[in-house]
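K.L.:
My structure is below; once you've seen it, I'll send some questions.
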Amino acid sequence: MKRVSLVTGASRGIGQATAIRLAEDGYDVVVNYLRQGDAARDVVDRIEQAGRRGLAIRADVASRDEVRRMVAEAAEVLGPVSVLVNNAGIYQRVTVDQMEPDRWERTLSVNLSGAFHTIQAVLPAMRQEGWGRIVNVSSQVGLRGTDHGADYAASKAGLLGLTKAVALEVAREGITVNAVAPGTIETDIIRNYSKEDREIRSRHIPVGRIGLPEEVASMVSYLASEEARYITGATLHVNGGYLIV
Ligand code: NAD
């Protein structure tokens with residue numbers, strides 16, 4: 001059966017690794033990006049090297065209209081989306097007393113409302129097909145909190161609620177909705193961490209190191225597979241044991 005996946009924020013980091021992994025799994029992939037068109041096209045090249053079709057589409061996930069346009073273009077060129085990975089996300093290290101309201105709004109718009117817009121846009125085709133996979137990339141911060149990113153923590157905790165609610169709504173229609181909660185992963189989002197900060201973090205991670213984007217991508221790949229059909233509304237942790245209590 002024809003399968004098309006859409007990965008938001010796929011020009012780099014976890015999104016890039018996921019897009020390439022899904023291509024290796026046999027999916028055609030829509031590579032959504034916001035600013036890095038060249039990087040997105042490089043990802044498309046790698047998807048094509050894996051023998052699948054790729055399509056880079058610029059869209060700000062915070063915009064309902066842009067998301068709808070992207071999903072329509074994807075359907076026209078590759079076919080209806082059957083695997084959606086809500087990966088796009090922003091994060092800035094700032095405490096709640098220093099946080100501008102605009103920053104709060106933007107983080108919620110991208111990290112949480114973005115997933116709402118994409119889910120609304122892809123669900124009709126998944127329902128029609130009677131098959132679909134939605135994976136929302138949350139964070140360990142959504143479960144545990146953080147002392148420098150109340151906006152981010154709220155958005156990532158919100159994604160867990162969204163995941164469970166939509167999972168219940170579509171459970172009988174062959175569509176699963178799950179969340180992946182990565183720990184600290186080596187991508188641009190943590191580029192501002194100092195060497196000392198990285199060492200401290202690594203010491204607190206039971207496996208002793210920061211994770212790799214590919215290690216998150218392999219969890220997304222599993223959740224997107226047919227084998228994972230009985231898993232829905234779940235949060236899967238990819239954090240080197242960080243949340244073991
Ligand atoms: P990253 O900054 O490299 O990637 C984020 C991607 O999202 C970028 O490609 C960026 O352009 C894109 N993006 C941002 N705003 C967008 C918008 N409005 N519309 C479309 N795309 C947009 O970081 P990453 O670590 O690869 O992050 C991927 C996801 O994983 C994020 O949701 C992040 O919160 C989550 N996460 C990351 C870590 C980590 O330690 N790296 C840990 C937990 C969760």
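The values are calculated or read from the model by the stated rules, or taken from the named source; none is laboratory data. The shown structure was predicted, so the numbers you read here are calculated from the model rather than taken from an experiment. Please note that ligands, DNA and RNA were not included when accessible areas were found on the heavy atoms of the full protein model with its side chains. Shrake-Rupley method; radii C 1.70, N 1.55, O 1.52, S 1.80 Å.
K.L.:
With springs connecting C-alpha atoms under 10 Å apart, model the chain as a Gaussian network and identify which of 172, 21, 69 has the largest mean-square fluctuation.
P.N.:
172
K.L.:
Continuing with this model, one more query. Once the Cα gyration tensor of region 1-82 is diagonalised, what are the square roots of 5 times its eigenvalues, in whole Å and ordered largest first, as equivalent ellipsoid semi-axes?
P.N.:
Semi-axis lengths for region 1-82 are 18, 15, 9 Å.
K.L.:
Would you mind telling me the share, in percent, of accessible area of the chain contributed by carbon and sulfur at probe 1.4 angstrom?
P.N.:
C and S atoms contribute 48 percent here.
K.L.:
Per residue, how large is the accessible surface of region 107-162? Use a 1.4 angstrom probe and give square angstrom.
P.N.:
32 Å²
K.L.:
Now for a separate question. Specify whether the C-alpha gyration tensor of region 136-194 places it in the rounded, prolate or oblate class, a ≥ b ≥ c being the square roots of the eigenvalues: rounded for a/c under 1.5, otherwise prolate if a/b is larger than b/c and oblate if not.
P.N.:
prolate
K.L.:
Can you give the direction-averaged projected area of the convex hull of the alpha-carbon atoms in region 79-196, in nm²?
P.N.:
8.1 nm²
K.L.:
Still on this structure, I have one more. Using only the Cα atoms of the chain, build the gyration tensor, take square roots of its eigenvalues as a ≥ b ≥ c, and label the shape rounded, prolate or oblate: rounded if a/c is under 1.5, else prolate if a/b is larger than b/c, else oblate.
P.N.:
rounded
K.L.:
Something else now. What shape does region 35-113 have by the C-alpha gyration tensor, where a ≥ b ≥ c are the square roots of the eigenvalues, rounded means a/c under 1.5, and otherwise prolate means a/b greater than b/c and oblate the rest?
P.N.:
prolate
K.L.:
Still on this structure, please answer the following. By Kyte-Doolittle mean hydropathy of at least 0.0 and Cα axial length of at least 15 Å, which whole DSSP H helices of the chain are selected?
P.N.:
Within the chain the helices that satisfy the rule are 13-24, 114-129, 150-170, 213-224.
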